[in-house]
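Below you'll find the structure, written out as C-alpha cells, and then a few comments.
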Amino acid sequence: MAPSSIDVDALVAAAPPSAGALFRWRVEQTPAKEAFRYPDAHDQWVSIDWTETRSRVDAYAAGLLALGLEREQRVAIVSNTRIEWILTDYAINCAGGATTTIYPNTQGRDFAHIVTDSGSVILVAENDEQLAKLDSSPEAEAQVRHVILFDGEGDGERVLTLDQLAERGRELLASDPGVVDRAIASIGIDDLATLIYTSGTTGMPKGVELTHRCWVYQAVVLNELELISPSALQYLWLPLSHVFGKDLLTIQLGIGFSTAVDGRIDRIVSGLGETHPNFMCGAPRIFEKVRAAVMLSSPRRGVKGRIARWAFAVGRASREYRLAGKSLPPAMSLAYTVADRLVFSKLKDRVGGNVDFFVSGSAKLSSQVQAWFYSAGLVVVEGYGLTETGAVSCVNLPLPLRIGTVGPALPGTALKIAADGEILIKGPAVMRGYHNDPERTAEALVDGWFHTGDIGKLDADGFLTITDRKKDLMKTSGGKYVAPAKVEGVIAATIPYVSQVVAVGDGRKYISALLTMDRESLNKWAVRHKLTELDYADLTQTPELRRTIERFMGAANGKLERWETVKRFAILPSEFSADDGGVTPNMKIRRKVVTERYADIVDSLYEEDPVGAE
C-alpha cells in the first residue's frame, strides 16, 4: 500500500491494544503456521507453530503471575538471543508486566544500576554466569524476589528453571484457566511494555520507557507497507536486548512471517546456509565484514581475478539503470547475466541463496558498502531510529532504493530538521520518557518532538540522510567542520583489515585516526606475508602491515574532501571492548574514553606536521 494512503490513527485504533493482545491475535490468525525455528542442543533446527508457541508462552506467563508479578512490574532479561528470550518476553507482556532488557556483556555497576533503577522484581538469567552478577550486587540482589534460569539448576524456590516456572504456570491455569486472559485485558495501549537502557557513550545508562503503543503502531504500519511478506523467513541473530532486535519480535506479530533464531555471531554464515532466509537485519559491521571477507578471499591475479573485477565493473555500470527502475541495455543485460552466473551467484549462495533483501540499522551504513552489495544483486535497505523512538522511524523501501539515505519516515511519524541541523522526531513510537529522570526527559522531549542528537538533511521527497552525531562534529584549527562518522565509514569500507576506527582532530591542524585490526582478516594477511609466528599485538606493529594500511589509506583519502583526509594514523595493539569500557554493550565506540586512554598516541600524531597538512 502507498504510504500516503495509510490512515495510521484508524489502524492503531482497530488493532489489539497491547503487545500481549497482539500476540494472541497472531495465534488466532495463523495457528498452524510456523512461528519459529531454532537450533537444539545438537544444532539441529527445530520448528514450532503459533499454537505451540502460545502453549509455552501461556505457561510462562501464568508462572510469572504465580510468583506474584503485578501490572507493569518489571522483569529483567539478561541473555544472548535465543528462543527462550523471545518466549519469556512475550510471556512478560501477556502477564501484564514490562520487560527490562540487559545486554549479556553488561558488567558491574551498570548491571546493578539497570536492575535497581528499573525496579525489576524478577531476573531472567541465561546461566549461572549471569546470575553471579546479581549475587555480587547486594542492593540488586535484595530487590529481586525470584530468578529464572534458562540454563542451570534451580532450587525450586527463589531460583527456578524455565521448566519449573512452566510447571507453576500450568498448576495455576488448571485452577484458574482465565488468569492470563485477565492479565492481558488489564493492559492498555499507553501502559509500559518495555524498559530499555541506552548504553550511552557517557554516564550511566538511561532507562527508555516504551509503551505498548510503540510496538502496536510499528507492527500494523509495517504490515500495511508490505515491505515483508507473511510467507517470508527471517534470520534473527541481533541482540534482543537492543531495541532493533526487540522491535522485530512485534513486527513479526503484525505481519506473520517466520523467524529462525540463533544469536551466535560465529554461526551466522552457516545458519544462513542451513535456513535459506528471505531477509536478515544487522548492524553495518556485519555487512562490512562480509564484504571484506569476499574481497580478501577473491583472487587478485589470473583469470579468476580478472573475471571478478570485470563482474563488479558490470555491476557498477548497471546501478544507474536498476536504481532508476529502467531496463538494462541488451549488451549490458547479457553481461550482467554472465557476471551473476560466474561471480554474484556464489556470493548469494554464501548468504543462503534466497535473500530478497537485508536491513541495516543501529548505526550509519557506508554508501560504498551498500553500493557494492547492490552491484552484486543484493539489496541492503538502510533504516533509522533510536531506542527513544522505538527503533524504526524511517526505512528505505527496497524499491525505489536511494543509496546513502535511510528513506522517508514511517506513516504517522513526523521529521523536521532544526536550525542547527539536528533531526527531530514525533510519532506514536516515541518514548514516554526516561525512567526516574524527569529533567533529562524534559530536555529530550520538547512539545512532543524528540531531539535525536543526530545531524541530517531531508531531500524534496522526504528521504533522510544522516551525516553525524551533533556532539561528535569536529572543527579543525583551520575552521573546517569534519564529521568523524563520514571519515570513519570511508576508512572501514576501504580498508578490509580494519575493525574499528576513531577519527580525531578537533581543534587540531588536520585529521588523524586510531585504527584496530580485525583478527580474522589480520591472520589471513599474516599467512600471505609469512608472519604467522607473531601474535595479534605484535602483528599490528610490524612495518609490513603499516605499509599495507598506508596503501589502502591513500585510496580512502581519495574519497574524502581535502580537509577530511587522514594525514596520520596509529594502529593500536588491541581492539576496544566492552570489558575495557572502549565500546558500549551494543558495540558503539566511546569516543571520549578512547581518545583519553590513548591521549599520548593522539598527541604523537601531531608532534610533527606532515607535508600538506592544513
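The values are calculated or read from the model by the stated rules, or taken from the named source; none is laboratory data. Everything numeric in this text was worked out from a predicted model, so none of it was measured. Cβ: placed from backbone, ideal geometry, glycine included. Neighbour counts: every protein chain shown. Remember, those area values only see protein heavy atoms, side chains included, never the ligands or the DNA or RNA. Shrake-Rupley method; radii C 1.70, N 1.55, O 1.52, S 1.80 Å.
List of remarks:
- Qualifying residue in the range 73-84 (condition: under 25 Å from Cys281 (Cβ atoms) and open to solvent by 50 Å² or more (accessible area, probe 1.4 Å)): yes
- The range 525-555 - residue that is of a type in the set (Ser, Thr, Tyr) and within 18 Å of Ser297 (Cβ to Cβ) and, of those, least open to solvent (accessible area, probe 1.4 Å): Thr548
- Qualifying residue in the range 85-96 (condition: of a type in the set (A, V, I, L, M), more than 25 Å from the chain's Cα centre (by Cα) and open to solvent by 40 Å² or more (accessible area, probe 1.4 Å)): no
- When restricted to residues that are open to solvent by 20 Å² or more (accessible area, probe 1.4 Å), of a type in the set (A, V, I, L, M, F, W, C) and not in a helix (DSSP H, G or I), the range 262-291 contains 1.
- A single member of Lys364, Lys416 is at pLDDT below 95, open to solvent by 20 Å² or more (accessible area, probe 1.4 Å) and farther than 20 Å from Glu226 by Cβ, and it is Lys364.
- Lys206, sole failed condition from (1) over 21 Å from Arg440 (Cβ atoms); (2) at pLDDT below 95; (3) in contact with a helix residue (DSSP H, G or I) (Cβ under 7 Å, 6 or more places away or on another chain); (4) among the charged types (D, E, K, R): (1)
- Qualifying residue in the range 134-148 (condition: open to solvent by less than 10 Å² (accessible area, probe 1.4 Å), touching a Lys or Arg at 6+ places or on another chain (Cβ under 7 Å) and within 19 Å of Leu195 (Cα to Cα)): yes
- Counting only helices (runs of 4 or more DSSP H) that fall entirely inside the range 1-98 and contain at least 1 residues that are under 17 Å from Arg213 (Cβ atoms), the qualifying elements are 8-14, 19-29, 83-94.
- Glu167, sole failed condition from (1) open to solvent by less than 20 Å² (accessible area, probe 1.4 Å); (2) touching a residue at least 40 places away in the same chain (Cβ under 8 Å); (3) outside any loop (DSSP other than H, G, I, E, B): (1)
- Test result for Leu249, under 23 Å from Ile77 (Cα atoms), assigned to a loop (DSSP other than H, G, I, E, B) and either of a type in the set (A, V, I, L, M) or at pLDDT 95 or above (or both): no
- Restricting Ser393, Ser360, Ser367 to those that are touching a Ser or Thr at 6+ places or on another chain (Cβ under 6 Å), in contact (Cβ under 8 Å) with a residue 24 or more places away in the chain and not acidic (Asp, Glu) reduces the list to Ser393.
- Just so you know, in the range 567-590 the residues that are under 19 Å from the mean Cα position of the chain (by Cα) and among the basic types (Lys, Arg) include one that is surrounded by the fewest Cβ atoms within 10 Å (Cβ to Cβ), and it is Lys588.
- Scanning the range 292-307 for residues that are assigned to a helix (DSSP H, G or I) and either more than 31 Å from the chain's Cα centre (by Cα) or β-branched (Val, Ile, Thr) (or both) returns Val294, Gly302, Val303, Lys304, Gly305, Arg306, Ile307.
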